[in-house]
Amino acid sequence: RHAFKLCLGLGVKGFVFVLKIKLQTELLVWGRGLTVVKQVTELGEVAQEELKEFHLSTYFFVRYMQGIKALGADQKLFIEDLWFEKVPVRIYQPKAPSASPRRGVMFFHGGGWVFGSLACAALLPDEANRWLCLSGEYRLAPEHKYPAAYEDCLHASIHFMKNAEHYGVDPAQISVCGDSAGGNLAAAVSQTLAGRADLPRLRAQILIYPILQALDFNLPSYKQNQAIPLLFQERAAFYVLQYLNGNSSNLEQVLEGSHIPIDIKLNYRKWVSEDYIPERFKVRGYKPHVLLDCSTEVYETVKRFCEPNLCPLLAEDAVVQQLPESFILTCEYDVLRDDGLLYKKRLEDNGVRVTWCHLEDGFHGIINSFNSEWMSFSSGKRGLDNIVNFLKSL
């Protein structure tokens, strides 16, 4: 009885929080002025405080609610749960026969490496029914720290590529895709596979508002959108620390930028710097952040932030040059906007073809609302249409 009351209470509180998000986003869509943005930010700060009250206690509740979603029936798709190299996957296969091998899309869900499951990972099946879509599950933090999620996604992708013909898929027409933390994993997997001579080359990578670095949480988008749902600045740093170490120690230092030595920051400024963010994205009251040094003790706990498998934006040019054609989606009201902009520049500077979709009225997580009956946004549908059109162009 007590457990039921706890779950009910958390569920109601979470529902109220989502309603606030819906209201705030409508304000963003309806009004573009700085006054409206300020009002939304203030509302976001209230919601953020409420979220903190039950954040840790809802880990397992949210995972449970995500996991109970039934497979259901689909008139156009065969849907089946399988295992690839000890990694759970869900396959969405068109029922209609195909005269030639299909394209394949390997999708990794978001959720800050902490939330998410196969039940919430199906981004494309309704729209991309000409493709065979796979959603891959991975071990979650904080129970499973880095590089567990990356390794699961890599192993599942390699298994799919080696066995693509068994599923009627052309091995040369496989793409990886992910949103948020899933975009991070898709980017890391793509970089690793770029150097594999024993596997077919990936056809494309599709990165939907990805988190790609943890050196600087004070880029313009982080400061401008620090308290705008669905992802707050503090939560972004919190999640990446959960993924790295299984706890949020040194969160304050990560947020203020005193977790990486100045000499290392300066070395990476060629890739991670507000200087490479177009000026039009700095107009919403951004002020440059002062560089802070850090202690050896703090750096020792987070030094793996400099590994490209965790922060793909830091990969060497020799790796980036080998990456496949790319699609990057960013949202104006998203702390991760600038991660996407910086990676877009890196790819283009290294001769990789990039299709960029920027949602001027979008927020973090908006694509996931495309199939919601009561909480859908036209901007999310527009973003999804751009993804599908990109897939069709390959």
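The values are calculated or read from the model by the stated rules, or taken from the named source; none is laboratory data. This structure is a prediction, so every number in the text was calculated from the model and none was measured. Please note: Cβ atoms are built from the backbone with ideal geometry, for glycine as well, and neighbour counts cover all protein chains shown. Remember, those area values only see protein heavy atoms, side chains included, never the ligands or the DNA or RNA. Shrake-Rupley method; radii C 1.70, N 1.55, O 1.52, S 1.80 Å.
Please state which of the following conditions Gly116 fails to meet, knowing it meets all the rest: (1) under 23 Å from Leu212 (Cβ atoms); (2) at pLDDT 95 or above.
If we test Gly116 against (1) under 23 Å from Leu212 (Cβ atoms); (2) at pLDDT 95 or above, just (2) comes out false.
What pairs can you find where one residue is in region 140-162 and free of Cβ contacts under 8 Å to residues at least 40 places away in the same chain, the other is open to solvent by less than 30 Å² (accessible area, probe 1.4 Å) and part of a helix (DSSP H, G or I), and their Cβ atoms are less than 7 Å apart, with a gap of 6+ or different chains?
Close Cβ pairs satisfying both conditions: Leu154/Val189.
Just a yes or no: is a residue in region 189-206 open to solvent by 10 Å² or more (accessible area, probe 1.4 Å) and closer than 28 Å to Tyr286 by Cβ?
Within region 189-206, not a single residue is open to solvent by 10 Å² or more (accessible area, probe 1.4 Å) and closer than 28 Å to Tyr286 by Cβ.
Of the residues Ala149, Ala186, which is in the same structural domain as Leu118 (by the TED database), in contact with a Cys (Cβ under 7 Å, 6 or more places away or on another chain) and within 21 Å of Lys86 (Cα to Cα)? Spell out the reasoning first.
Values: Ala149 fails: in contact with a Cys (Cβ under 7 Å, 6 or more places away or on another chain).
That would be Ala186, the only listed residue that is in the same structural domain as Leu118 (by the TED database), in contact with a Cys (Cβ under 7 Å, 6 or more places away or on another chain) and within 21 Å of Lys86 (Cα to Cα).
Just give me the residues in region 163-201 being of a type in the set (Asp, Glu) and part of a strand (DSSP E or B), in sequence order. Show your work before the answer.
Let us first name the residues in region 163-201 that are of a type in the set (Asp, Glu), namely 165, 170, 179, 198.
Asp170, Asp179 - these are the residues of region 163-201 that are of a type in the set (Asp, Glu) and part of a strand (DSSP E or B).
Mind checking which pairs have a first residue in region 338-359 that is free of Cβ contacts under 8 Å to residues at least 60 places away in the same chain and in a helix (DSSP H, G or I) and a second that is open to solvent by less than 10 Å² (accessible area, probe 1.4 Å) and not hydrophobic (A, V, I, L, M, F, W, C), Cβ under 6 Å, 6 or more apart or different chains?
Final answer for the pair search is Leu347/Ser326.
I'm trying to understand the selection: among the residues of region 283-301, which are modelled with pLDDT of 95 or more and under 30 Å from Gly362 (Cβ atoms)?
The answer is none; no residue qualifies.
Of the numbered conditions (1) within 16 Å of Tyr239 (Cβ to Cβ); (2) open to solvent by less than 10 Å² (accessible area, probe 1.4 Å), Phe160 satisfies every one except a single condition; which is it?
Unmet condition: (1).
Could you please tell me which pairs satisfy a Cβ distance under 9 Å, a separation of 6+ or placement on different chains, a first residue in region 66-83 that is open to solvent by less than 90 Å² (accessible area, probe 1.4 Å), and a second residue that is assigned to a loop (DSSP other than H, G, I, E, B) and modelled with pLDDT of 80 or more?
Partner pairs satisfying both residue conditions: Gln66/Gly111; Gln66/Phe115; Gln66/Gly116; Gln66/Ser117; Gly67/Ser117; Asp74/Lys95; Leu77/Lys95.
Report every pair of residues separated by at least 6 positions or lying on different chains whose Cβ atoms are under 6 Å apart, first residue within region 279-292 and in contact (Cβ under 8 Å) with a residue 24 or more places away in the chain, second among the β-branched types (Val, Ile, Thr) and surrounded by 10 or more Cβ atoms within 10 Å (Cβ to Cβ).
Going by the 6 Å Cβ cut-off, the qualifying pairs are Leu291/Ile262.
For region 273-325: of the residues being under 23 Å from Ser249 (Cβ atoms) and of a type in the set (Val, Ile, Thr), which is least open to solvent (accessible area, probe 1.4 Å)?
Looking only at region 273-325, we keep the residues that are under 23 Å from Ser249 (Cβ atoms), and these are 289, 291-307, 309-311, 314.
With of a type in the set (Val, Ile, Thr) added as a condition, the list becomes 296, 298, 301-302.
Values: Thr296: 95, Val298: 17, Thr301: 53, Val302: 0 Å².
Here the answer is Val302.
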